[in-house]
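The values are calculated or read from the model by the stated rules, or taken from the named source; none is laboratory data. Everything quoted here is computed from the prediction, not taken from an experiment. Backbone-built Cβ (ideal geometry, glycine too); neighbour counts: all protein chains shown. Remember, those area values only see protein heavy atoms, side chains included, never the ligands or the DNA or RNA. Shrake-Rupley method; radii C 1.70, N 1.55, O 1.52, S 1.80 Å.
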Amino acid sequence: MKNRIILSLLLLPLLLVACSSAPSYNATVFQYDLQQELIADKPVETVVLASINLGGPSRGYLEDSSAKIDKAVTSYLRENGYNVISQRRFQQQWKSAVRAYGNPIDPTTGRVNQKTFTLCLMQVRDELKKTDQVDAIVFTDIIERDITFSGGLKHLARWDGVSRKPSLQGPGDGVSTDFDWNRTAKAASIWVSVYNEDLQRVFTSIGGMDTTEAIDTRSSSGEFVRRRSILDNDNHVREGIELAFHPLIKMKNYPGDKK
């Protein structure tokens, strides 16, 4: 095994980034934008999660996790005192708006017609106000990042405030010492954007969640392949959500603060 790095070495618990422990300073935290004066003028108490992305559609394998992510976001908001109305109400009104103005998202290219998108969103806002006192619409896009793992024994990848070790996939028990750690892999982050009832953006930020690719141990040269289970680590998802909502909801031990 002298030319192999033992699997257990790669999969040692990474206590520094566990949600239950204090993460160390991480320079990759996203530079959030919080419009405090707008929130002070019109406090956000009741929100609805959009059933569509603010940007283009997420990758198919990421979109499959959207319901799980939105459920976790809803729980987090409620834990912190927000009233979250059913996402189905947004979804119903969005479908009506698309029938009236057309779909602003090109299903082939993923491009967004901003004029049509705004018209649809205004209609959704107006219709929701007839039945619910919604203070804000929350968008929760799952986006993809390019990452690289560092050298050394831990081979950490850092992005959007998190640190993750590589995952292995396949029958092998390690990675060749010749593996090129400069290879680019893929990872998922959550991009949160909050718009008030006037459709002004009052907050936006991004939190890293987890890698979406693993090292294929069947390959002698070492390749990154799509993980069989995407975003299945609840602790990693929770950490990303906490990062993405900070400081709208203050995160304990926020890694963007130098100690």
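Structure values in brief
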quantity: The chain: relative contact order as a whole-number percent, Cα under 8 Å and 6+ apart; calculated: 26
quantity: Extension reserve of the Ala40-Lys71 stretch, reckoned as 0.36 nm per residue once the Cα distance is removed; calculated: 8.4 nm
quantity: Accessible area, probe 1.4 Å, largest first, for residues His236, His155; calculated: His236, His155
quantity: Protein accessible area in segment 135-227, 1.4 Å probe - carbon and sulfur %; calculated: 40
quantity: Separation in nanometres of the label points that stand 7 Å from Cα toward Cβ, at Glu63 and Gln114; calculated: 2.3
quantity: Vicinal HN-Hα couplings computed from phi for segment 55-67 (Karplus, 6.51 cos²θ - 1.76 cosθ + 1.60; Hz; Gly/Pro x); calculated: x, x, x, 6, 4, x, 6, 8, 4, 4, 9, 4, 5
quantity: Cross-link pairs beyond the 23 Å C-alpha cut-off, checked among Lys71/Lys250; Lys154/Lys186; Lys68/Lys154; Lys42/Lys250; Lys129/Lys252; calculated: Lys68/Lys154; Lys129/Lys252
quantity: Mean accessible surface per residue for segment 163-208, computed with a 1.4 Å probe while every protein chain stays in place, in Å²; calculated: 34
quantity: Pairwise centroid distance, computed over Cα atoms, of segment 187-259 with segment 26-54, Å; calculated: 16
quantity: Quotient of Cα Rg and 2.2 N^0.38 Å for the chain, N being how many residues it contains; calculated: 1.11
quantity: Förster radius 30 Å - calculated FRET efficiency between Trp181 and Tyr25, Cβ distance, rounded to 0.05; calculated: 0.85
quantity: In Å², nearest 10: area of Lys130 left accessible to a 1.4 Å probe; calculated: 150
quantity: Extension gain (nm, one decimal) between Asp198 and Lys258, 0.36 nm per residue minus Cα-Cα; calculated: 18.0 nm
quantity: Net charge over other residues, Cβ less than 12 angstrom from the Cβ of Glu197 (K, R count +1; D, E count -1); calculated: -3
quantity: Label point distance in nm, Asp33-Ser229, each placed 7 Å from Cα along Cα→Cβ; calculated: 3.7
quantity: Under 5 Å, built H, 5+ apart or other chain: amide partners of Phe203; calculated: Gln35, Val194
